[in-house]
1. Can you match mean projected area of the Cα convex hull in nm² to one of these, (i) 13.7; (ii) 18.5; (iii) 16.8, based on a calculation from the structure here?
2. Based only on other Cβ atoms within 10 Å, what is the fewest-to-most ordering of TYR43, TYR103, TYR136, TYR226?
3. By counting other Cβ atoms within 10 Å of each Cβ, how are ASP95, ASP37, ASP64 ranked from fewest to most?
4. Tell me which residues come under 5 Å, amide H to amide H, from ILE216 once H is placed; ignore anything under 5 positions away on its chain.
5. Please give the net charge around VAL118, taking every other residue with its beta carbon less than 13 angstrom from that of VAL118, where Lys and Arg add +1 and Asp and Glu add -1.
6. Can you compute 3J(HN,Hα) from phi for each residue in segment 94-106, using the Karplus curve 6.51 cos²θ - 1.76 cosθ + 1.60 with θ = phi - 60°, rounded to whole Hz and x for Gly and Pro?
7. Lys and Arg at +1, Asp and Glu at -1: add these up for the other residues within a Cβ distance under 12 Å of GLN223 and post the number.
8. For VAL188, enumerate residues with amide H under 5 Å from its amide H, sequence gap 5+ or separate chain, H modeled in the peptide plane.
Amino acid sequence: MGEFTGKVVVVTGGAGGIGRCICEAFARVGAIVCPIDVQENPYFTGDVGDKATLERFAEKVIADHGQVDVLVNNAPPQMKGILDCTWEDFTRALDVGVTAAFYLTKLFLPHFAPGASVLNISSSREGMSQPFTESYTAAKGGIGALTHALAMSLRGRVRVNAIRPGWIDTAFTVWEGPDATQQPAGRVGHPLDVAHMALFLASEKAGFITGESIAIDGGMTKQMIYHGDHGWTLTE
């Protein structure tokens, strides 16, 4: 992974959870990492749901480094359901989860280095849902569609891919029993699973991959579930 030495990597939502793990993974292989988060962090503290903040952030990155090699759109939208989600809540989720990814890509467009890559962190909820998750699920569906749209618009210049995490325990808890064994991979995921895929997709090894949305979910979205099958029961 020496190819990342000195490369400029921007990560939204980079102060905690998956975003922080992605930042640390790129830093370990020599990248210059520029996170933005509402939580305090070493580079830029700010709200990606605010247009002016994104513009100030992009200006700082370019003033400091002159280019962007990898943009990771990771900042998570809030999750609210149809019963309690207001217009403002829903719009806010889309601003953070979709619009910010679009606008940062647009702001950095003149400054992407040759071989640059955009990585959008989506979710397995892009294609499946639990009840009362509308704001989060809509945003993740939106960033999934944005991924292949951008991949076509930026073809030949910037590769654009998405990662769809499933259950990722950001506390690195070791789960046992049904929580683990229900997963075809036999365990719950952790942020390094996502970070490793981010490193791969941003690397030259993935040079023929663009417009894809890759699941990191332990196989859960491939598992057919029927009442009474393998111990699964439906309680109504």
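Values in this text are rule-based calculations from the coordinates and carry no lab data. Note that this is a predicted model, so its numbers are computed, not measured. Note that we place each Cβ from the backbone using ideal geometry, even for glycine, and neighbour counts take in every protein chain shown.
1. Calculated mean projected area of the Cα convex hull in nm²: the matching label is (i).
2. Values: TYR43 19, TYR103 16, TYR136 22, TYR226 8.
Result, fewest neighbours first: TYR226, TYR103, TYR43, TYR136.
3. Working: ASP95 19, ASP37 24, ASP64 12.
Neighbour counts put them in this order, fewest first: ASP64, ASP95, ASP37.
4. Distant-sequence amide H within range of ILE216: ARG164, GLY166.
5. Working: positive: LYS106, ARG155, ARG157, ARG159; negative: ASP69, GLU212.
That works out to +2.
6. Values, residue by residue: 5, 4, 6, x, 10, 4, 4, 5, 4, 6, 5, 4, 5 Hz.
7. Numbers: positive: LYS222; negative: ASP217, ASP229.
Combined, the nearby Lys, Arg, Asp and Glu give -1.
8. Counting only residues 5 or more places away or on other chains, the set is TRP175.
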